[in-house]
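Peer 1: Below you'll find the structure I mean.
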Amino acid sequence: MAYDPPLNYKRRDAERADQMLAWRRSDKAFFAAGACHILAWTLLETYPSANFYPVGLRRIGQAHAGHAYVSDGTWAFDHDGWTLEEELLGVTRCAHRRLDPEVRIERLVLGCDLEAFCVEHNSLNPSQFAFDPRPRALQYLTGFDQPNQITGP
């Protein structure tokens with residue numbers, strides 16, 4: 001099955017303004033758009049020895065990442081589970097170009113923790129959600145293989 005890009009789950013203005021509306025979205029939609037960074041750092045904290053690091057995607061020329069995920073340079077994990085990073089990037093870039101052929105998306109290795117990411121990329125920190133999203137992210141992770149099952153021992 002092909003990668004399902006986060007653009008397919010873009011939040012409506014009402015969901016941006018009302019955290020309860022945003023919270024009621026499906027887990028996949030919630031972690032695709034609005035809480036992707038929470039899912040990424042939850043995976044990193046849950047599997048600290050898995051050799052993954054946080055990555056952000058942003059439109060070239062914009063200051064803030066619009067999507068965050070984890071990668072080891074080959075595999076990536078986000079709302080859609082495990083995907084080869086090359087596929088994640090290709091499908092995401094195509095989805096953006098369908099809306100605007102001039103858009104270019106760049107990959108940023110994020111050398112910061114969750115708190116710094118939230119500040120630097122204008123993202124909600126966990127206390128700004130309707131409820132703490134970290135337990136929800138932990139539960140969501142249980143539906144997927146662990147990193148060592150993807151990349152090997």
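Nothing in this text is a laboratory measurement; each read-out follows from the coordinates by a stated rule. Note that the structure is a prediction, hence the values are computed from the model and not measured. We place every Cβ from the backbone using ideal geometry, glycine too, and count neighbours over all the protein chains shown.
Peer 1: Below 8 Å, C-alpha to C-alpha, sequence gap of six or more: please give me the relative contact order for the chain in percent.
Peer 2: Here the relative contact order equals 27 percent.
Peer 1: Right, something else. Any idea how far apart Ser49 and Leu99 come out in nm if each label point goes 7 Å out from Cα toward Cβ?
Peer 2: 4.1
Peer 1: Okay, next question. Among Thr83, Thr74, which comes first, second and so on when ranked by fewest other beta-carbon atoms within 10 Å?
Peer 2: Going from sparsest to densest Cβ surroundings: Thr74, Thr83.
Peer 1: Taking the Cα-to-Cβ direction at Ala17 and at Gln149 and moving 7 Å from each Cα, how far apart do the two end points lie in nm?
Peer 2: Once both label points are built, they end up 4.2 nm from each other.
Peer 1: Please order Leu114, Leu43, Leu138 by the number of other Cβ within 10 Å, starting at the fewest.
Peer 2: In increasing order of surrounding Cβ atoms, one gets Leu138, Leu114, Leu43.
Peer 1: Continuing with this model, one more query. Would you kindly calculate the translational diffusion coefficient of segment 6-146, applying Stokes-Einstein with the Kirkwood radius from alpha carbon pairs, for 37 °C and a viscosity of 0.692 mPa s, and quote it in µm² s⁻¹ without decimals?
Peer 2: For the chosen part, D equals 216 µm²/s.
Peer 1: Of the chain, which part is the longest with no chymotrypsin sites (Phe, Trp or Tyr not before Pro) in a loop (DSSP not H, G, I, E, B) and with at most 14 other C-beta atoms within 10 angstrom?
Peer 2: 1-130
Peer 1: Using a 7 Å offset from the Cα along the Cα-to-Cβ direction at both Glu106 and Thr142, what is the distance between the two label points in nm, to one decimal?
Peer 2: Going by the 7 Å Cα→Cβ label model, 4.1 nm.
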